[in-house]
Amino acid sequence: MGNKWPNHGLFTSENQPKNRRGKQKRTLFLEALEKAGYSEDELIEKLVQLAFDGDSMAVKEVFIRLHPTKKPQYETVEFEYDKNDSPAEKAGKVLKAVSDGLISPDIGKLLIDSISNVVKIEEVTELKNKVENLYQQMGLNVE
């Protein structure tokens with residue numbers, strides 16, 4: 001059972017993606033600016049000048065660029081649980097912490113989702129190891 005895709009994961013002149021992305025919007029925009037005879041710096045200067053001249057949309061745009069909105073961060077939470085607990089027990093303790101008001105419901109959901117994702121990763125890893133062991137027992141090459 002040989003490797004069906006010998007170049008899988010390697011890009012060569014013969015092995016290129018079939019569905020190539022087009023140029024990014026920024027690149028297209030900058031090319032259009034250049035085609036119109038302007039540079040990015042000239043556009044920025046014009047935007048700032050419009051803002052100083054009282055254009056409210058330009059003021060807003062300049063302000064957003066100078067002070068971008070920060071992404072919200074979740075609060076740090078601390079509570080005790082036994083590392084040897086089952087995932088169900090861990091999730092139960094998270095629910096208890098939510099019901100006791102120790103952590104907010106959105107943080108509780110995030111924690112339970114994280115526990116669930118860890119379980120899924122463990123399951124996939126275990127299945128992968130079992131399949132590899134079966135291949136080895138059958139004397140087949142594992143790739």
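The table below gives the values:
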{"item": "Residue in the range 72-80 that is β-branched (Val, Ile, Thr), within 30 Å of ASN117 (Cβ to Cβ) and in contact (Cβ under 8 Å) with a residue 24 or more places away in the chain present", "result": "yes"}
{"item": "Which listed residue is touching a residue at least 24 places away in the same chain (Cβ under 8 Å) and β-branched (Val, Ile, Thr), from ILE107, ILE44", "result": "ILE107"}
{"item": "Counted residues, the range 121-143 - those being out of contact with any helix residue (DSSP H, G or I) (no Cβ under 9 Å at 6 or more places or on another chain) and either among the β-branched types (Val, Ile, Thr) or loosely packed, with under 10 Cβ neighbours inside 10 Å (or both)", "result": "7"}
{"item": "Subset of the range 14-40 (residues that are surrounded by 10 or more Cβ atoms within 10 Å (Cβ to Cβ) and of a type in the set (A, V, I, L, M, F, W, C))", "result": "LEU28, PHE29, LEU30, ALA32, LEU33"}
{"item": "Filter result (surrounded by 11 or more Cβ atoms within 10 Å (Cβ to Cβ) and among the acidic types (Asp, Glu)) within the range 42-63", "result": "GLU42, GLU45, ASP55, GLU61"}
{"item": "Selection count, the range 64-111, where residues are assigned to a loop (DSSP other than H, G, I, E, B), under 24 Å from the mean Cα position of the chain (by Cα) and surrounded by 10 or more Cβ atoms within 10 Å (Cβ to Cβ)", "result": "3"}
{"item": "Filtered residue count, the range 57-93, keeping only those that are at pLDDT 85 or above and among the β-branched types (Val, Ile, Thr)", "result": "4"}
{"item": "Residue in the range 121-140 that is among the small types (Gly, Ala, Ser), outside any helix (DSSP H, G or I) and out of contact with any Cys (no Cβ under 8 Å at 6 or more places or on another chain) present", "result": "yes"}
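The values are calculated or read from the model by the stated rules, or taken from the named source; none is laboratory data. Since the model is a prediction, treat every value here as computed from it, not as a measurement. Glycine also receives a Cβ, built like all others from the backbone with ideal geometry; neighbour counts cover every protein chain displayed.
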